[in-house]
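The values are calculated or read from the model by the stated rules, or taken from the named source; none is laboratory data. Values in this document were obtained by computation on a predicted structure and should not be read as measured data. Only protein heavy atoms, including side chains, enter the accessible area calculation; ligands, DNA and RNA are left aside. Shrake-Rupley method; radii C 1.70, N 1.55, O 1.52, S 1.80 Å.
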Amino acid sequence: MQALILFFVELCALRRTPQDLPASEVLLAVVAFASLVVGVMIGLVADLSIGASVAQTLFELAATLGALFFALRLMRLDARFIQSATALLGSGVVIGVIALIPLSFNPTGSQETDLAALGALLLLVVFVWSVVVTGHILRHTFQITLGQGAAIAVAFKVGVVLLMGIAFAGT
């Protein structure tokens, strides 16, 4: 387990690639579960209800895996799905755990404090890092440049936020 965590940390440091992972459906399932747990924790720290946290995390997981599957199918690179999905979700778990720290400073709360401002700044740094890591994974998955991968990552993240805003407007 420690080697797996170290792998994802190294992936987030851009020292490893998705193809370094075994193509294991069991590993993908374990990482998807960890992603669900971390996503729910993020939602709870951000003052969402448990139900909203679970629903939004499941929505984001489905969107991520669905978009990746569709893009790989379109490019006829289906065989890369398990490793790429595992890499995306595993790196998301590492970055999500780190994001819990600035989120705990309540940067989205109603009170403006120096701690909240620091939390907002740190969240911005975590977001940029997340885009770079996702771009790195997409670069190796689709054989594109890091810039192209990062641009796709930003477009995807914005799209998911917009779709979640529409889907969960009443919650």
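For the chain, the longest principal axis of the alpha carbon atoms and the long axis of helix 2-12 meet at an angle near 80°. In terms of its Cα atoms, region 24-169 spans 50, 32, 28 Å along the principal axes, sorted from long to short. Quick one: angle between helix 81-103 and the longest Cα principal axis of the chain, in degrees between 0 and 90, rounded to 10, please. Here the helix axis deviates by roughly 20 degrees.
Here ILE5 sits with roughly 100 square angstrom of accessible surface, probe radius 1.4 Å. Short-range pairs are left out: with C-alpha atoms under 8 Å and at least six residues apart, the relative contact order of region 24-169 is 22 percent.
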